[in-house]
Every structure is written in structure tokens, then in C-alpha cells.
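Below you'll find the structure, written out as C-alpha cells, and then a few comments.
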Amino acid sequence: MTNKNKQETITTKIWNEIPEDDNPFAAKVCYCSGFDVYGDLLGKASYIEYLYLLFKLEPPSPNHALLLEGLAIALANPGIRDHSVRGAMNAGVGGSTHASALMAALAVGAGNLGGGREVYNMIKYWEQCGTDINAWEQMIKEPPVEERADVWPSMEHAPGFDPNGASCTLPVKQVLAHMVKIGDSEKLEWLQANRERLEQFAECPLAMSGVAATALHELQLSPDQAEMLYLLLRLPGAAVHSLEQEKLGWRRYPFFGDGLKLQKYNPKENMG
């Protein structure tokens, strides 16, 4: 027999709610990892500190808060050359819904080329290699085989490096230098000191995804957590560029305006 009075509960360490006295479906008090969100954190914690708390269930150290804040700024807008941002722009100028634009950015930015899965894979490298340069050389030259080949194809380049790059770009160097300056991070310092050797092993320059993966690993995020947060932090740029192109219209978007050729339909030509 089924107990009709049995309550169904969701198991979570992240969140706890106390319902309103007159409405069991509305929360009166919300706790995140034991902190009263609206009675304690609101007005006292920064967004970055709260974001870290959500993922790690503990407040960040001052250095970790600065590191995540710097990373959030560096990733907020990947720019119009980025494939995920272009996906959102295409959706916006094509008249798709705003949610569709964000989903396009996530879909395009989730993969192995500058995307979330590349960050996941590089953190896996960090977990196995640490700061052993010889281990990195072997890992890069003899990469592991992806366990879920039905979902994720094998990497065609070393994760965290740009297979289309000619040299390490100035923004990548600037972000890495900033992270080293504020982060008090052994791994970021090691990456900066050994960047050129790693680039020789990979035969391509360090990419922003490589700096991001190292910073997220330094923040003690798991590969899965890092992949998810990386996707989240890159969405603001996709959103604003999509909205901008939506207002400008497809006639001012070169990939649509020059590519669409309208022809008069002749039903006789399509008769068998």
C-alpha cells in the first residue's frame, strides 16, 4: 500500500527552504549552504562570492574571490570572432527567441574547440600531470582516448591550446599575467613560466580556454563544475551581441545579406 501522506523530498546539500506560514508552496527563508540568502547574504556578499558559494558550498578566500572575479570579466564577452557568440548573433538576427540565442551559444560553445569540454579535458590533464613538465609532454603527445566517443569525439589538438593560432595572443598573456598577480597560484605561475615549452609540445599557442581551465582548477572546482561554470560565465557577451544584431537586422549582417538570393517561384519547373 502507498502512504498518501508521505512527503516527497529533494535531496540537496546546496539549498534548504522554510515555507511561508500561509502557503506551503512559497519559501519564507532560503538557505544556501547554511547561509540565509535574503536575510544574511543579500547586501553583504558580492555576486562572485555567492557564485563561488553555490558551487563549493563554502565562502571563497579573498584570493579565490579575486581570481574568480578576474576570470568572470575575462570570459564575459568572448567577442564576435568566437563561434558561440556568432551562434547567438545568428539566432538574434534571424528572428529567433532570446532563449534560442542563448541555447545556440551554449550548443556551439560546449565542444572541444575553445568550448566547455575543452576546459573539462584540460583540468583532467592538470589532475594527472600537476606541475610535472615531462608528464605534460607525454600527455600532449600521447593523449588519452575519450571514454564516451559516442558523445564526445576525440580531441584533435591539445586541450587549452589554439590549433588555429599563430602565436599566443595579447589578451591571453594579459589575463594570465593578471591571474598570476592576484591569485597566489602555483599552477598559474607554473603555466606562465612554462607556456612556451608547452606550446612547443602542442605545436600551437596557449588559448584563453587554457588559462580559464587552470584558474578554475586553482579554484578547486571539479572538471564537471568547471565545465558548467565556464559555459555560464561566457553567456553575457552572447546575449548582448544577439540583442544588438536583432535590432540592426539581417540586411546589415554580412553573412545573411550577401548570402540570400531570392528567386521567383515557378511551379512549372517543379512538375515531374
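Before moving on, here are some points about what is shown:
- Candidate set: region 82-113, residues that are under 17 Å from ASP162 (Cα atoms) and surrounded by fewer than 24 Cβ atoms within 10 Å (Cβ to Cβ); chosen: the one nearest to the chain's Cα centre (by Cα): ALA110
- Residue, surrounded by the most Cβ atoms within 10 Å (Cβ to Cβ), within region 145-161, restricted to residues that are charged (D, E, K, R) and at pLDDT below 85: GLU146
- Yes/no for LEU71 being buried (at least 19 other Cβ atoms within 10 Å of the Cβ), assigned by TED's automatic domain parsing to the domain that holds ARG195 and part of a helix (DSSP H, G or I): yes
- Consider region 224-272 and keep the residues that are hydrophobic (A, V, I, L, M, F, W, C) and at pLDDT below 95. The one that is farthest from the chain's Cα centre (by Cα) is MET271.
- Lone qualifier among PHE25, PHE55 - being at pLDDT below 95 and either within 23 Å of the chain's Cα centre (by Cα) or not in a loop (DSSP other than H, G, I, E, B) (or both): PHE25
- Selection status of GLY79, closer than 30 Å to SER185 by Cα, under 15 Å from the mean Cα position of the chain (by Cα) and surrounded by fewer than 14 Cβ atoms within 10 Å (Cβ to Cβ): yes
- Odd one out for LEU221 among (1) under 14 Å from the mean Cα position of the chain (by Cα); (2) among the aliphatic types (A, V, I, L, M); (3) crowded, with 17+ Cβ neighbours inside 10 Å; (4) part of a helix (DSSP H, G or I): (4)
- Here LEU57 meets the list (1) surrounded by 19 or more Cβ atoms within 10 Å (Cβ to Cβ); (2) at positive phi almost entirely, failing just condition (1).
Listed here are the residues, each with its yes/no results for (1) among the hydroxyl-bearing types (Ser, Thr, Tyr); (2) within 30 Å of GLY183 (Cβ to Cβ); (3) touching a residue at least 12 places away in the same chain (Cβ under 8 Å).
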| residue | (1), (2), (3) |
| --- | --- |
| GLU20 | no, no, no |
| CYS30 | no, no, yes |
| ASP40 | no, yes, no |
| ILE48 | no, yes, yes |
| LEU53 | no, yes, yes |
| HIS64 | no, yes, yes |
| LEU75 | no, yes, yes |
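The values are calculated or read from the model by the stated rules, or taken from the named source; none is laboratory data. Bear in mind the structure is a predicted one, so any value in this text is a computation, not a measurement. Cβ coordinates were reconstructed from backbone atoms using ideal geometry, including for glycine residues, and neighbour counts include every protein chain displayed.
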